[in-house]
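Heads up, the thing below is written out as structure tokens.
A short reminder: the numbers here are calculations on the coordinates, not readings from a lab. Bear in mind the structure is a predicted one, so any value in this text is a computation, not a measurement. All Cβ positions, even for glycine, are placed from backbone atoms using ideal geometry, and neighbour counts span all protein chains on display.
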Amino acid sequence: MSFRRRVLTAMAAALLALAGLAPAQAVASASEAASAQAPSYCVIVVGKAPPGEPSPIRSRACGNDYATVQRQAGAQQTVLLMEWFWNANNQPPLLTRIHGDYGDCDSAGYRIIVKDDWANNISGFNAESHCNVVTGFNWPSTVDWSGDEQTWANYSVCACLSQGWVGSFMNDRIEAFWIRRG
Ligand SMILES: [Ca+2]
């Protein structure tokens with residue numbers, strides 16, 4: 001075997017070895033992605049906020065079944081305030097529901113800090129229970145609630161607000177909400 005042929009043979013063997021490894025690695029990363037996948041539903045219960053301050057988080061639970069998660073979070077006797085959508089118009093679906101233990105929104109409403117994975121990932125939302133005015137903040141100061149912000153409002157009879165897409169300015173930038181009755 002010539003030197004050139006030996007080199008080519010070695011290169012071919014190396015390529016075959018790489019080809020043999022590649023599918024195994026692909027399978028490993030696919031199963032890692034599946035096990036790391038976020039649950040379909042999270043439920044967070046928040047309380048009444050002191051004036052100008054964030055609403056305290058009472059409980060939080062996540063899982064694949066909404067009824068179970070709602071029970072685990074102790075959300076049965078609360079009102080549904082918001083649904084956060086990871087993706088625009090909730091497609092593909094991945095959402096978190098925010099419940100309040102202080103009833104429907106009044107003019108002071110609730111101020112909700114977006115924590116964990118959901119910070120800077122929300123692309124749309126619904127607001128219910130008379131929370132028809134919603135401001136989303138990026139990098140909020142909890143002292144004066146300044147920073148980039150956008151306000152959405154809906155004054156129809158439903159006293160609710162469906163904002164399936166928050167728009168390009170605030171997409172994946174929201175870190176807090178102030179929701180109230182307007
Ligand atoms: Ca998103």
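Here are some notes:
- Alpha carbon centroid spacing (whole Å) that separates the stretch 151-182 from the stretch 90-108: 11 Å
- Taking trypsin sites (Lys or Arg not before Pro) across the stretch 90-182, the ones in a DSSP loop with at most 14 further Cβ atoms lying within 10 angstrom of their Cβ are Lys115.
- Rounded to 0.05, the FRET efficiency of the Thr68 and Asp116 pair, given R0 = 35 Å and the Cβ-Cβ distance, is 0.95.
- Neighbourhood net charge (12 Å Cβ-Cβ; Lys/Arg +1, Asp/Glu -1) for Glu53: +1
- Between Glu53 and Asn87, the modelled label-to-label distance comes to 3.9 nm, taking each label 7 Å out from Cα in the direction of the beta carbon.
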